Amino acid sequence: MTYMEKGMGQHCRVCNSKISRELFTIERDRFMVCGDCTHVFLDVTYDDDSIKKLYEDYGDERARAYFQGIDSETRENIDLFLKRCHSYCPTPKDTLRLLDVGCGTGTLLKGAQKLGFAVEGVEICEPLARDTAEHVGCRVHEEVLSRVNFDREQFDVITLYDVIEHLQEPLRDLRVLYDTLKPGGVLFILCPNEGALIRKLSKLVFTLSLSTCSKPLRLLYYQDHLSYFTRKSLLTMVKQLGLEVLSLETRNQELSRLDLSRVQKSLLRILFFISGCFSNAGGKFVVYARKPFF
């Protein structure tokens, strides 16, 4: 299939290009790939209000169980991410300030507090935001990023842990965060890697089965994940902001966070082991980037 300019539909969420082609369709969900920056995105458009409605049930028991079911391995990894963010910060005169976007039940915020950060969060599910603010003892903004009135150059570290793939306009929202990041401050992003081995194999199965075997893809591509970054599209976005990339690597996510059977998890362990033999084949991107000092 050749690239062509779409007359209608969602523009690329990274470079705003209209040059795209259909990558695959599952049921009614059409996934596109940008012909310019290689970004993969769900062909659907939301505004700020409809995005909030999409997550209004994140405060229910099922969603809370997911957030609160984080195990020791996940907590240790979050702690490692935070310590690395801390190490990239300039020597502070005052307490370092951290903003966690999409803070959920506050696991990352609590970890940051233990490391001495003064913390704030953003969570668009209002019941969840209120509970987290009380549980963590910090301010949690109950709004989409474009509607939050941040002070300029306010935070030393901003984290987006499994969040950026949910944003309708990630570049717009990152510009908001850029303005509120101090010079020399660190932006941390963890998000799905479109170039992961497991995604390549799932798409191959889908193609070879003539689109009849879609379950592996459905386990990896969700209706609330609007973006799937490639290395090229992720670097394109970060560099458009004028950030210095300190580190970009891939790793596989913790199996405990996946709602899979024992057999499925066993197969994943094998794939995760194989992916470790190749560069950039892990399921998640981990990015640390710095705002210029001047």
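Under the 0.36 nm per residue contour assumption, what length would be gained going from the current alpha-carbon distance of E56 and E254 to full extension?
Difference between extended and current length: 68.7 nm.
Output needed for the chain: three equivalent-ellipsoid semi-axes, defined as square roots of 5 times the C-alpha gyration tensor eigenvalues, in descending order, whole Å.
30, 22, 20
How many percent of the accessible area of the chain is carbon or sulfur, using a 1.4 Å probe?
For the chain, the apolar C and S fraction of the accessible surface comes to 52 percent.
For a protection proxy built on the mean count of beta-carbon atoms within 10 angstrom, sort 167-174, 43-50 highest first, please.
Ranking the peptides 167-174, 43-50 by packing returns 167-174, 43-50.
For q = 0.14, 0.15 Å⁻¹, what log10 I(q)/I(0) does the range 189-294 give under the Debye formula with an equal point scatterer on each alpha carbon and no solvent?
-0.62, -0.70
Can you work out the accessible area per residue across the chain, with the rest of the protein chains kept in place, probe 1.4 Å, in square angstrom?
Here the residues of the chain average 50 Å² of exposed surface.
State the volume of the convex hull built on the alpha-carbon positions of the range 159-216, expressed per residue in Å³ and rounded to an integer.
103 Å³
Determine the calculated [θ] at 222 nm for the chain from helices alone, applying -39500 (n - 2.57) to every DSSP H run no shorter than 4 residues and normalising by the residue count; nearest 500 deg cm²/dmol.
Calculated mean residue ellipticity at 222 nm is -10500 deg cm²/dmol.
The values are calculated or read from the model by the stated rules, or taken from the named source; none is laboratory data. Quantities reported herein were computed from a predicted structural model and do not represent experimental measurements. Glycine gets a Cβ as well: all are built from the backbone with ideal geometry, and neighbour counts include every protein chain shown. For the accessible areas, the whole protein counts, side chains as well, though only heavy atoms, and no ligand, DNA or RNA atoms are used. Shrake-Rupley method; radii C 1.70, N 1.55, O 1.52, S 1.80 Å.
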